[in-house]
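Participant: To start, I am sharing the structure in question, which I have written as structure tokens.
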Amino acid sequence: MENHTPPDRALMKDLTIENITDNVCIINSNCDNVRLKFLLDRLVNYLHDFARETRLSITEWEAAIGFLVQVGKISTDVRHEFVLLSDVLGLSLLVDAIDHPKHPGATEGTVLGPFHTADAHVVGAGHQISHDPNGEPLLAVCSIRDTAGRPLGGVSVDVWETDSKGFYDVQYADRVEPDGRAIVESDADGVIFFKAIVPVPYPIPHDGPVGKLLMKLKRHPYRPSHMHFMFKKPGYDRLITALYLRGDPYESSDAVFGVKESLVVDLYKVGDHEGYAEKYGVPPETKLLTYDFVLLTNEEALKVRDAEAWKEAKRQGGLKVVDGLLVPEDASETSTTKTATD
């Protein structure tokens, strides 16, 4: 039988609490994808340290495995329970902040959430994206610019929100077509405008394992009122963000940690802006949402991402940055171009 132990390493025997971690990393060291090898090396070390430091019991380990199995079982194409788990643990926001670090003047990102879909209709300017008759009418008028202040036309903007009861369209079993969501495109002046409804606070799905976890932690499942946005344009870094309504009761205790101060907005009335009612064809009492979004070019995003990555590499020592990702300093340049998904 072929021996797969690296030739310069001894065979693994008499595995103990003290040496199991090193041995797992040794057997994983045959991997020629340096980023994947680095990720697994750190993951194994952190997981093993967690087990040792907490004196993890078999009963607790089995419960954790069972929990993850249940998360998988309840997940569907429209209910991403693992995304929800990542969200409530704060991991989703952390990863987004790492991969899209704040650039002075640029709009901050936030969590995607588990209810984005790929079937939203492309609509024209001024379209009504929500057809909930019980929702409070809202007009959104937003600008999109680059960091130099130039308007960006031709930006594809994916927008989605709940209905007045706090449910996304995909949460209804009788859903026929998308509602409360659409894709709009900015005009030559970098402007988008559409009709929607005033966002409302709502609970994340809490009838599954993630909801049960929140109950055990004595945490509420609510998200503050918000509207999601995703921006795409060739040559520009994709931005996933959301706008949150100021004064919402859950503004400072979002179940998925998505709120950032720069994304908190006030609503006004269309009549407060001279000429808006006539220009956009809505009653003066209609609520008005405005915001000036700023996108980064791919080059700008890579520059700030690399700068932050190099700071972390220097802090830890023994690491370098290739294509914006951390790898060990002794990793070969030719193989570091692979990512963990290759």
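The values are calculated or read from the model by the stated rules, or taken from the named source; none is laboratory data. Given the structure is predicted, the values throughout are model-derived calculations rather than measurements. Every residue, glycine as well, gets a Cβ built from its backbone with ideal geometry; the counts of neighbours run over all protein chains shown.
Participant: Given the conditions (1) surrounded by fewer than 21 Cβ atoms within 10 Å (Cβ to Cβ); (2) charged (D, E, K, R); (3) modelled with pLDDT of 95 or more, and given that ARG181 satisfies all but one, which numbered condition is not satisfied?
Facilitator: Condition not satisfied by ARG181: (1).
Participant: Considering only the stretch 207-229, how many residues are without any contact (Cβ under 8 Å) to a residue 40 or more places away in the chain and farther than 14 Å from GLY113 by Cα?
Facilitator: Summing the residues that are without any contact (Cβ under 8 Å) to a residue 40 or more places away in the chain and farther than 14 Å from GLY113 by Cα in the stretch 207-229 gives 8.
Participant: Given the condition closer than 30 Å to ASP32 by Cα and either surrounded by fewer than 18 Cβ atoms within 10 Å (Cβ to Cβ) or not hydrophobic (A, V, I, L, M, F, W, C) (or both), answer yes or no: does some residue in the stretch 257-268 qualify?
Facilitator: Within the stretch 257-268, not a single residue is closer than 30 Å to ASP32 by Cα and either surrounded by fewer than 18 Cβ atoms within 10 Å (Cβ to Cβ) or not hydrophobic (A, V, I, L, M, F, W, C) (or both).
Participant: Taking the stretch 59-90 as the region of interest, how many residues are of a type in the set (S, T, N, Q), exposed (fewer than 14 other Cβ atoms within 10 Å of the Cβ) and modelled with pLDDT of 95 or more?
Facilitator: Residues in the stretch 59-90 being of a type in the set (S, T, N, Q), exposed (fewer than 14 other Cβ atoms within 10 Å of the Cβ) and modelled with pLDDT of 95 or more: 1 in total.
Participant: Which residue pairs have Cβ atoms under 8 Å apart, sit 6 or more places apart or on different chains, and have a first residue in the stretch 237-257 that is basic (Lys, Arg) and a second that is assigned to a loop (DSSP other than H, G, I, E, B)?
Facilitator: Matching pairs, first to second residue: ARG246/ASP266.
Participant: For THR290, state whether it is in contact with a Pro (Cβ under 8 Å, 6 or more places away or on another chain), closer than 26 Å to ALA120 by Cα, touching a residue at least 12 places away in the same chain (Cβ under 8 Å) and hydroxyl-bearing (Ser, Thr, Tyr).
Facilitator: Criteria not met by THR290.
Participant: Closer than 24 Å to VAL294 by Cβ, in contact with a strand residue (DSSP E or B) (Cβ under 7 Å, 6 or more places away or on another chain) and in a loop (DSSP other than H, G, I, E, B): does that describe LEU112? Spell out the reasoning first.
Facilitator: Numbers: closer than 24 Å to VAL294 by Cβ: yes; in contact with a strand residue (DSSP E or B) (Cβ under 7 Å, 6 or more places away or on another chain): yes; in a loop (DSSP other than H, G, I, E, B): yes.
Answer is yes for this residue.
Participant: Okay, next question. Within the stretch 59-70, can one find any residue that is of a type in the set (Phe, Trp, Tyr) and over 24 Å from ALA173 (Cβ atoms)?
Facilitator: Looking only at the stretch 59-70, we keep the residues that are of a type in the set (Phe, Trp, Tyr), and these are 61, 67.
Then drop every residue that is not over 24 Å from ALA173 (Cβ atoms), which leaves 61, 67.
Yes, there is a match, as at least one residue in the stretch 59-70 is of a type in the set (Phe, Trp, Tyr) and over 24 Å from ALA173 (Cβ atoms).
Participant: Picking from PRO151, PRO137, PRO114, PRO104, which residue would you name as being under 11 Å from the mean Cα position of the chain (by Cα) and not charged (D, E, K, R)?
Facilitator: Checking each option against the conditions leaves just PRO114.
Participant: Also, I was wondering about something else. Pick from GLY135, GLY105, GLY126: which is crowded, with 18+ Cβ neighbours inside 10 Å and assigned to a loop (DSSP other than H, G, I, E, B)?
Facilitator: GLY135
Participant: Select from the stretch 175-198 the residues that are small (Gly, Ala, Ser) and not in a loop (DSSP other than H, G, I, E, B) and write down the one among them that is nearest to LEU152 (Cα to Cα).
Facilitator: For the stretch 175-198, the residue satisfying everything is ALA182.
Participant: If you check SER253 against the conditions, is it out of contact with any Ser or Thr (no Cβ under 6 Å at 6 or more places or on another chain), surrounded by fewer than 17 Cβ atoms within 10 Å (Cβ to Cβ), farther than 27 Å from ARG145 by Cα and hydroxyl-bearing (Ser, Thr, Tyr)?
Facilitator: yes
Participant: Does any residue of the stretch 185-205 turn out to be more than 21 Å from the chain's Cα centre (by Cα) and either hydroxyl-bearing (Ser, Thr, Tyr) or modelled with pLDDT under 95 (or both)?
Facilitator: The answer is yes, given that some residue of the stretch 185-205 is more than 21 Å from the chain's Cα centre (by Cα) and either hydroxyl-bearing (Ser, Thr, Tyr) or modelled with pLDDT under 95 (or both).
Participant: Right, something else. Would you confirm, using the coordinates I've provided, whether VAL170 is surrounded by fewer than 21 Cβ atoms within 10 Å (Cβ to Cβ), among the β-branched types (Val, Ile, Thr) and touching a residue at least 24 places away in the same chain (Cβ under 8 Å)? Reasoning before the result, please.
Facilitator: Details: surrounded by fewer than 21 Cβ atoms within 10 Å (Cβ to Cβ): no; among the β-branched types (Val, Ile, Thr): yes; touching a residue at least 24 places away in the same chain (Cβ under 8 Å): yes.
No, not satisfied.
Participant: Taking only pairs six or more apart or across chains, which ones have beta-carbon atoms under 7 Å, a first residue in the stretch 305-324 that is of a type in the set (Val, Ile, Thr), and a second residue that is modelled with pLDDT of 95 or more and not in a helix (DSSP H, G or I)?
Facilitator: Note: no pairs meet the criteria.
Participant: ILE98 versus (1) surrounded by 16 or more Cβ atoms within 10 Å (Cβ to Cβ); (2) among the β-branched types (Val, Ile, Thr); (3) at pLDDT below 95; (4) farther than 18 Å from ILE183 by Cα: which is the lone unmet condition?
Facilitator: With respect to (1) surrounded by 16 or more Cβ atoms within 10 Å (Cβ to Cβ); (2) among the β-branched types (Val, Ile, Thr); (3) at pLDDT below 95; (4) farther than 18 Å from ILE183 by Cα, ILE98 is out only on (1).
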